[in-house]
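For reference, the structure is listed below as structure tokens.
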Amino acid sequence: MPARPPSWAWVSGLTLGAIAAVSVLAVQADQGPHPTAAVTSPSPSASADAKPTPKETAPAPVPDGSGTGRRIVYSLGQDRVWLVDASDAARRTFTVWPGTVDPDPGRYTVGSRSKAATTGSDGVRIERIVYFAQEDGVSVAFSNAVDGSSPPPPASGTKTGGIRLQKADGAAVWAFATSGTEVTVVG
């Protein structure tokens, strides 16, 4: 009867085989994916006159003259907000729905904040309210609707200072706009 190798030999052999297999897979993974060539044929509607599909446009640049350093920039003319970091790089930009009362162009600071839901002057439940200005006796603040909706048109003659944001943008402003954060309003 032939001698059987000891059990440690089996375990060692299996371990070496597993290490070799993992090494081969790691080398292949390091080389990246291996795409297969796709064969495409021209579509019957393609022509030499066909125009390319429009590409996504670059984000709107931070307006000139809006200051330097960490700040929120609000453009009255573009209905747009930028969250700008200390290196003057825009970390996020998005459009907004302004109220009927605009703050004058200039520099402001975030004075107070309220995370709790309340009813806005337009009758919509709002949250993450970031106050930064007073104009014509109306508080001007960023906020978002609790349900994520856009604001309804205000009743004729109603003064509203809420600058309404999409829900995700409201969360971003809330996280960025701590008390004392500069808000620059441009025309």
Just a yes or no: is a residue in segment 84-93 more than 19 Å from Ser143 (Cβ to Cβ), open to solvent by less than 50 Å² (accessible area, probe 1.4 Å) and assigned to a loop (DSSP other than H, G, I, E, B)?
-> yes
Check Thr178 against each of (1) within 23 Å of Asp64 (Cβ to Cβ); (2) in a loop (DSSP other than H, G, I, E, B); (3) of a type in the set (Val, Ile, Thr) and name the one condition it does not meet.
-> (1)
When you scan segment 146-184, how many residues do you find that are in contact (Cβ under 8 Å) with a residue 40 or more places away in the chain and within 20 Å of the chain's Cα centre (by Cα)?
-> 18
If you take the residues of segment 113-134 that are under 18 Å from Tyr74 (Cα atoms) and more than 23 Å from the chain's Cα centre (by Cα), which of them is surrounded by the fewest Cβ atoms within 10 Å (Cβ to Cβ)?
-> Gln134
List every residue pair whose Cβ atoms lie under 6 Å apart, where the two residues are 6 or more positions apart in sequence or sit on different chains, the first residue falls within segment 106-124 and is under 22 Å from Gly67 (Cα atoms), and the second residue, located anywhere, is of a type outside the set (D, E, K, R) and surrounded by fewer than 11 Cβ atoms within 10 Å (Cβ to Cβ).
-> Thr109/Gly180
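The values are calculated or read from the model by the stated rules, or taken from the named source; none is laboratory data. Small disclaimer: the values here were computed from a predicted structure and weren't measured. No Cβ is skipped: glycine too gets one built from the backbone with ideal geometry, and neighbour counts run over all protein chains shown. Ligands, DNA and RNA are excluded from the accessible area calculation, which covers all protein heavy atoms including side chains. Shrake-Rupley method; radii C 1.70, N 1.55, O 1.52, S 1.80 Å.
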